[in-house]
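K.L.:
The structure is given below, and queries will be raised subsequently.
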Amino acid sequence: MLSKKKIIASVAIMSAAVLGVSQATVAQAAGVTGKVEVFSWWTSGSESAALNAILSALKKSNPGIEIINAAVAGGAGTNAKQVLATRLAAGDTPETWQTHPGGELKGYVDQASVLDLTALYKSEGWNNVVPKGLVDSMTYNGKTYSVLTGIHRANAVWTNKAALRKAGVSFGESVTFAQLEAAAKKLKAAGIAPLCLGDKDIWTAAQLLEETLVGELGAATFNNLAAGKASWTDAKVVTAVNHFNTMLTWANSDHKALDWTGAVAALAKGTCAMNVMGDWAYGELIVKQQKKDNIDFGYTVIGDPKTFVTVGDSFVIGAKSKNAAAGEAFAKAVMDPKVQIAFNKLKGSAPYRTDVSTASLGAYQRAAAKTLATGTLVASLVHGQQLVAASVGQAFSDGVTVLQANKDAAAFGKAMNAATKG
Amino acid sequence: MATINKRRKFRFKPATVALLPSFILVFIFVYIFIAYTIRISFSKNWMPGLQDFSLPEKWYGTYQELFTNFRFQADIRNTIIFTILFLAISVVAGLFLAIAVSNMSKSKVFFRNLFIMPYAVSFIVTGVIWRWIFNPVSGVNLLFKYTGVSGLYEKAFGSPLEPDWMTSPTVWGNVNGLLEKLIPGGDVLQAQMGIPVALLPVIFAASWQLCGFAMAMFLAGLSAIPHELREAAAIDRASGFRYYRSIAIPSLIPMAVTCAVILTSTSLKIFDLIYAMSGSGIGFSTDMPGIYVYESMYKALRYPLGAAASIVMLVLVCVVVLPYLLRFNKGTEE
């Protein structure tokens, strides 16, 4: 139980905080002043360094601003979301917080807890420099609600070049399922597991299915499926799901005991040859496994090489926060072209503004940024980026868990039809 | 006399005054919130910040969805299997260890501490370590291989001993046909009802961690048995086995009940061990209601569904704990 002293102390702290905020709401001509609380789940090495790149730019353009970095560690953001949910329910709204564009953002829009940024997009000309597919993933009922920091690509197939050579396999910039199947046969004959998988956490297997579906059915069909406008029991979908079932049989036998970093480690070692993973694996391969881009490992895409499955992080401004002007200043700092490069260099994702030079980035990132600017964009369902209820993504990963046991593509389709239409 | 009695009625006893603050706090933070959670579980689409308490089309709709859901059915199955086996192994192993340790003369303290040590380790640590041990490629299977156990097994049964452990999708002893005859409404079971093989390593890890706790309780019980009883048994020339069977173990039964209730409430709420060790498993073979609640609320953002599942968990815990508490209360009143 709280002692009397503790209660008095906490009351004092709370009233001091209230006074501080009310004093700070007076804006001045030279930049925004007052407190801005930035709520995120970026606490680890490269992530917090990337966040600091934004925060220092914000401080530079607004010297009078007081930044509170309220990052909550752990659980890929689930811990932070839990803390945020309680704070929003209590009316203690941060000026800005991190959220995924798509269903998660829609949840906050439905609760009317985030500001509409459409006017800001117009006045700053952001609509002209951000690919339309990305703006769409943050737009709901014609209103845009968040600003992106950077984009990861989910649909890359990473390959171990030495392992492929050993089996006499080579891939171009894209592959079909038939090519993968032929390669799998040769790899098995050479004693190498064709697929690297670490699906102790189910999202990695779900991502494999998602990229198979996007690759074989195309971007438009996948978007329709996610939105409940196409049937998941369609013959073509069932075939693609069965291809996924086949791919699972190619995986390393300990896949259920590894996480995604374990799968990347196995790829680097060469005990297995291909890993379908987002380009956060790129950082893992370069930094942790000390492998060289295009020498030790290569990359390809299932289906159309111009298709880019996006996983972005974005920030919203709290509608009921005390200092929305400071939130707006933060959004402008995020969109600053210089911040775009600095942030993404540290985070390993691709800058998405079409008007920034990517010359200072690595070879893979340059290629990814180019595809991002010119290719077909699909928001990832597995990573909650599709503009559908979060429960659809959950149904998808639950469906994959069941699929692993019973291999029943038709039953999976039925369950997904129910989830997307419900 | 009468006036004194009257006065006593209106005076707060010091004990009441001392307990009142904690009573109020418990009332608010436990019982009010349980009521709140029940209310959320009967709402259509409650969200924090959107306090919408309107009912779904069928007022029990969320619960209906819950119980017809493949995943939740598997969760209930896993909870029951996990609880029974975990309880049996921990209690039996704990009893065995307690008897062994109590008969030691020199190294008693050393072994007592050795067996209790796992209990001090966090479930997350246990989970990660046992995940590595039960890895079918790099874990305990290598031990089978290099000690020649796998080779002997191959000679006897034709294939090497390489269990899949947590990566196995097999469910032993499917009793769906039998259960569907018993449950009114017939064809409602989606998940296979049986013993998921992948759950066994997890049960083993949990028992490894908590059998030391059971041992400590039994050791306390054994030391409470009057010395005279043992001496009398020795005079009657009862063997060691006979002494334990007829005297020591029967007198440990209250201890065993307390131990079982504590362990059951641990197992019904288990989350961290599973989360770190195996995740949900193939076909939800190692999923638990706790993980389901967490994912429904914070991943799927379906608060009513998560609330309903957590109420089901609460009911399960009550089924185990309430009879014990009632008995305990009776005992103290007498």
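K.L.:
From the list A:ALA395, A:ALA325, A:ALA331, which one is in a helix (DSSP H, G or I), under 25 Å from A:VAL109 (Cβ atoms) and more than 19 Å from the chain's Cα centre (by Cα)?
P.N.:
Values: A:ALA395 fails: more than 19 Å from the chain's Cα centre (by Cα); A:ALA331 fails: more than 19 Å from the chain's Cα centre (by Cα).
A:ALA325 is the lone residue from the list that is in a helix (DSSP H, G or I), under 25 Å from A:VAL109 (Cβ atoms) and more than 19 Å from the chain's Cα centre (by Cα).
K.L.:
If you scan the range B:208-253, which residues turn out to be exposed (fewer than 13 other Cβ atoms within 10 Å of the Cβ) and under 26 Å from B:SER267 (Cβ atoms)?
P.N.:
Matches in the range B:208-253: B:ALA220, B:PRO250, B:ILE253.
K.L.:
Restricting to the range B:188-202, what's the tally of residues that are among the β-branched types (Val, Ile, Thr) and part of a helix (DSSP H, G or I)?
P.N.:
To start, the set of residues in the range B:188-202 that are among the β-branched types (Val, Ile, Thr) comprises B:188, B:195, B:197, B:202.
Imposing the further condition that a residue be part of a helix (DSSP H, G or I) reduces the set to B:202.
Of the residues in that region, 1 qualify.
K.L.:
May I ask you to list the residues in the range B:162-187 that are away from every other protein chain (no Cβ under 12 Å), in a loop (DSSP other than H, G, I, E, B) and small (Gly, Ala, Ser)?
P.N.:
Within the range B:162-187, B:GLY173, B:GLY185, B:GLY186 meet the criteria.
K.L.:
For the condition in the same structural domain as A:GLY168 (by TED's automatic domain parsing), of a type outside the set (Asp, Glu) and surrounded by 24 or more Cβ atoms within 10 Å (Cβ to Cβ), what is the one hit in A:ALA350, A:ALA268, A:ALA326, A:ALA263?
P.N.:
A:ALA263
K.L.:
Taking only pairs six or more apart or across chains, which ones have beta-carbon atoms under 8 Å, a first residue in the range B:34-51 that is free of Cβ contacts under 8 Å to residues at least 12 places away in the same chain and within 14 Å of chain A (Cβ to nearest Cβ), and a second residue that is assigned to a loop (DSSP other than H, G, I, E, B) and among the aliphatic types (A, V, I, L, M)?
P.N.:
Every condition considered, the pairs that remain are B:GLY49/A:ALA112; B:LEU50/A:ALA112.
K.L.:
For the condition away from chain A (no Cβ under 14 Å), part of a helix (DSSP H, G or I) and modelled with pLDDT of 90 or more, what is the one hit in B:ALA205, B:ALA233, B:ALA214?
P.N.:
Working: B:ALA205 fails: away from chain A (no Cβ under 14 Å); B:ALA233 fails: modelled with pLDDT of 90 or more.
Criteria check complete, one pass: B:ALA214.
K.L.:
Can you confirm whether A:ALA220 is out of contact with any helix residue (DSSP H, G or I) (no Cβ under 8 Å at 6 or more places or on another chain), of a type outside the set (Asp, Glu) and more than 21 Å from A:PHE308 (Cβ to Cβ)?
P.N.:
Here the answer is no, as A:ALA220 does not meet what is asked.
K.L.:
Examine the range B:151-161 for a residue that is at pLDDT 85 or above, surrounded by fewer than 19 Cβ atoms within 10 Å (Cβ to Cβ) and not in a helix (DSSP H, G or I), and state whether such a residue exists.
P.N.:
no
K.L.:
Right, something else. Looking at A:GLY133, A:GLY77, A:GLY150, which is the one that is within 14 Å of chain B (Cβ to nearest Cβ), buried (at least 16 other Cβ atoms within 10 Å of the Cβ) and of a type outside the set (Val, Ile, Thr)?
P.N.:
A:GLY77
K.L.:
Which members of the range B:263-304 meet the condition of being farther than 30 Å from A:ASP259 by Cβ and without any contact (Cβ under 8 Å) to a residue 12 or more places away in the chain?
P.N.:
Of everything in the range B:263-304, nothing turns out to be farther than 30 Å from A:ASP259 by Cβ and without any contact (Cβ under 8 Å) to a residue 12 or more places away in the chain.
K.L.:
Of the residues B:PHE82, B:PHE67, B:PHE96, B:PHE42, which single one is within 30 Å of A:THR93 (Cβ to Cβ) and either surrounded by 21 or more Cβ atoms within 10 Å (Cβ to Cβ) or at pLDDT 90 or above (or both)? Outline the logic, then answer.
P.N.:
Working: B:PHE82 fails: within 30 Å of A:THR93 (Cβ to Cβ); B:PHE67 fails: within 30 Å of A:THR93 (Cβ to Cβ); B:PHE96 fails: within 30 Å of A:THR93 (Cβ to Cβ).
When all the criteria are applied, what remains is B:PHE42.
K.L.:
Suppose we keep only residues that are outside any loop (DSSP other than H, G, I, E, B) and within 9 Å of chain A (Cβ to nearest Cβ) within the range B:281-302. Which one would you say is farthest from B:ILE40 (Cα to Cα)?
P.N.:
Here the answer is B:ILE282.
K.L.:
Given A:ALA89, A:ALA80, A:ALA57, which one is of a type in the set (A, V, I, L, M), assigned by TED's automatic domain parsing to the domain that holds A:ASP336 and more than 18 Å from A:ILE317 (Cβ to Cβ)?
P.N.:
Criteria check complete, one pass: A:ALA89.
K.L.:
Taking A:LEU84 and the conditions (1) part of a loop (DSSP other than H, G, I, E, B); (2) buried (at least 19 other Cβ atoms within 10 Å of the Cβ); (3) not small (Gly, Ala, Ser), which numbered condition does it fall short on, given that it satisfies the others?
P.N.:
With (1) part of a loop (DSSP other than H, G, I, E, B); (2) buried (at least 19 other Cβ atoms within 10 Å of the Cβ); (3) not small (Gly, Ala, Ser) applied to A:LEU84, the lone miss is (1).
K.L.:
Between a first residue in the range A:236-257 that is within 15 Å of A:GLU210 (Cα to Cα) and a second residue that is among the aromatic types (Phe, Trp, Tyr) and in a helix (DSSP H, G or I), which pairs have beta carbons less than 7 Å apart while being 6 or more apart in sequence or on different chains?
P.N.:
A:VAL241/A:PHE412; A:HIS243/A:PHE177
K.L.:
Starting from residues that are outside any loop (DSSP other than H, G, I, E, B), more than 9 Å from chain B (Cβ to nearest Cβ) and touching a helix residue (DSSP H, G or I) at 6+ places or on another chain (Cβ under 7 Å), keep the ones in the range A:400-422 and report whichever is surrounded by the fewest Cβ atoms within 10 Å (Cβ to Cβ).
P.N.:
A:ALA410
K.L.:
Here is a list: A:LEU346, A:LEU381, A:LEU387. Which entry is in contact (Cβ under 8 Å) with a residue 60 or more places away in the chain and either in a helix (DSSP H, G or I) or in contact with a Pro (Cβ under 6 Å, 6 or more places away or on another chain) (or both)? Talk me through it step by step, then tell me what you get.
P.N.:
Values: A:LEU381 fails: either in a helix (DSSP H, G or I) or in contact with a Pro (Cβ under 6 Å, 6 or more places away or on another chain) (or both); A:LEU387 fails: either in a helix (DSSP H, G or I) or in contact with a Pro (Cβ under 6 Å, 6 or more places away or on another chain) (or both).
After applying the criteria, what remains is A:LEU346.
K.L.:
Also, I was wondering about something else. Could you check the range A:103-120 and list, in sequence order, the residues that are in contact with a Ser or Thr (Cβ under 9 Å, 6 or more places away or on another chain), assigned to a helix (DSSP H, G or I) and either crowded, with 22+ Cβ neighbours inside 10 Å or within 14 Å of chain B (Cβ to nearest Cβ) (or both)?
P.N.:
A:GLY103, A:LEU105, A:GLY107, A:TYR108 - these are the residues of the range A:103-120 that are in contact with a Ser or Thr (Cβ under 9 Å, 6 or more places away or on another chain), assigned to a helix (DSSP H, G or I) and either crowded, with 22+ Cβ neighbours inside 10 Å or within 14 Å of chain B (Cβ to nearest Cβ) (or both).
K.L.:
Does any residue in the range B:127-152 that is more than 11 Å from chain A (Cβ to nearest Cβ) come within less than 6 Å, Cβ to Cβ, of a residue that is of a type in the set (Val, Ile, Thr) six or more places away or on a different chain, and which pairs are these?
P.N.:
B:VAL140/B:ILE133
The values are calculated or read from the model by the stated rules, or taken from the named source; none is laboratory data. This one's a predicted model, so the numbers in the text were calculated from it and none came from an experiment. Note that each Cβ is placed from the backbone with ideal geometry, even for glycine, and that neighbours are counted across all protein chains shown.
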